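In what follows, a structure is listed as structure tokens, so that the remarks can point back to it.
Computed from the coordinates by the stated procedures, all read-outs in this text should not be read as laboratory data. The structure presented is a predicted model; accordingly, all values stated were derived computationally and were not measured. Cβ atoms come from the backbone with ideal geometry, glycine included; neighbour counts cover every protein chain shown.
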Amino acid sequence: MIADELARYPEDVEYAHKFIDRLKARLEERYVDPEQTLRDFHSKLHGLVKARFEVMADLPPELAVGVFSEPRSFQAWVRLSNGQNMVRPDEDKDVRGCAIKLMGVEGAKMLDDETQTQDFVLVNAPVLGIKSVKEFFEIQSAMEEGFLSLVSEVLNPFDNHVRCMFMLNKAMHECANLLECDYWGVGAYALGDKAVKYKLRTSRDAASEVPKSPDQDFLRQRLIADLDDGDQRFDFMVQLRTDPDEMPIEDASILWDEEVSPYRKVAELHVPAQRFDIDERRELNQRMSFQPWHATEAHKPLGGGQVARGIIYREMADFRRRRRGVEPHEPHPEE
Ligand code: HEM
């Protein structure tokens with residue numbers, strides 16, 4: 001990551017390092033056998049699936065930037081996950097992750113561990129309610145210290161986190177089918193010299209319901225059945241930041257008003273029918289890393305929280321892979 005970005009956000013960098021120490025200790029405690037180590041957040045994998053990312057033709061100049069600059073097709077991987085930091089039954093309320101990695105992307109990258117990828121890291125909630133990495137760190141720490149500590153942190157009269165807890169709670173919801181969700185990038189990203197937020201819109205109706213006595217992995221089972229049946233499609237959209245006062249970059253807990261600036265479609269994500277529930281994919285999942293800073297400068301993540309995420313994901317992906325004894329892997333289109 002570019003040194004300038006780190007220098008601009010000293011408090012976020014400081015809390016990123018505090019987070020890393022805490023997350024490493026948590027993984028060491030949880031996985032006594034290091035070879036079993038999973039990601040800290042988004043531990044549970046539903047599926048790592050192959051996809052094609054098709055950029056639309058005739059985009060207006062303000063959107064035809066970076067990977068969207070011309071109509072073309074990128075090979076991609078999509079990792080679908082539950083957000084919690086441990087593997088829990090799918091019926092639990094949670095945030096679901098959808099991380100997309102385009103391959104064969106030319107140009108210099110913000111991080112040097114991958115050379116030809118562009119990632120879009122999304123969840124099925126438009127906001128998580130977290131104002132800053134400091135706030136998220138304080139809540140996570142208090143949660144680990146127990147109920148009383150959490151209550152006193154949340155209600156701290158000088159710096160209370162009531163709004164954050166309320167919004168986090170709202171973001172965690174039931175999910176009946178991963179292919180029937182919309183997903184958002186939550187934080188802001190560059191689009192050349194402009195700023196945008198990302199959204200992935202499902203093409204399906206929300207027809208599924210959570211089963212009466214659900215299997216703990218029913219989301220994966222539905223994904224297997226749906227991808228056995230046929231191809232699936234999502235629309236990838238961006239929302240331009242048109243009003244700097246009402247559309248802040250530093251506080252990702254504030255929604256940008258869609259009446260002022262609607263989401264506009266720039267690409268389609270096609271997930272072809274496939275068999276993905278195989279050991280080879282599960283192993284690849286352990287070797288791969290998705291992160292917002294796997295990006296060209298045209299799509300650079302914006303704001304202090306994103307800088308912190310860049311440092312945390314880089315360090316934690318390396319840490320979990322070292323513990324498992326697997327080599328990092330940047331996938332290529334021809335594989
Ligand atoms: C400061 C706040 C955050 C922290 C500390 C954090 C931390 C983490 C960590 C440690 C991982 C696992 C990385 C790895 O081992 O490869 C992760 C994954 C993930 N995070 Fe965050 N995260 C934060 C904010 C967010 C936000 C705002 C989003 C919204 C899009 C998000 C979405 C995801 C997703 C989808 C994954 C899974 C990526 C994959 O499939 O590999 N996170 N996060």
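Do the alpha carbons of any pairs in K93/K194; K44/K93; K131/K300; K93/K199; K18/K194; K50/K131 sit beyond 24 Å of each other, and which pairs?
Values: K93/K194 35 Å; K44/K93 14 Å; K131/K300 20 Å; K93/K199 21 Å; K18/K194 32 Å; K50/K131 34 Å.
From the list (K93/K194; K44/K93; K131/K300; K93/K199; K18/K194; K50/K131), the Cα-Cα distance tops 24 Å for K93/K194; K18/K194; K50/K131.
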Which GluC sites (Glu not before Pro) in region 187-293 pass both tests, a DSSP loop state and at most 13 other beta-carbon atoms within 10 Å?
E209, E246, E258, E259
Write out the chymotrypsin sites (Phe, Trp or Tyr not before Pro) in region 1-73 meeting two conditions: DSSP loop, and at most 15 other Cβ atoms within 10 Å of their Cβ.
Y31
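I need to check one value: relative contact order of the chain, counting alpha carbon pairs closer than 8 Å and at least 6 residues apart, in percent.
Working: 675 pairs, mean separation 83.5, N = 335.
Reported relative contact order: 25 percent.
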Note down the nm distance, to one decimal, between modelled labels 7 Å out along Cα→Cβ at D112 and at D228.
4.7
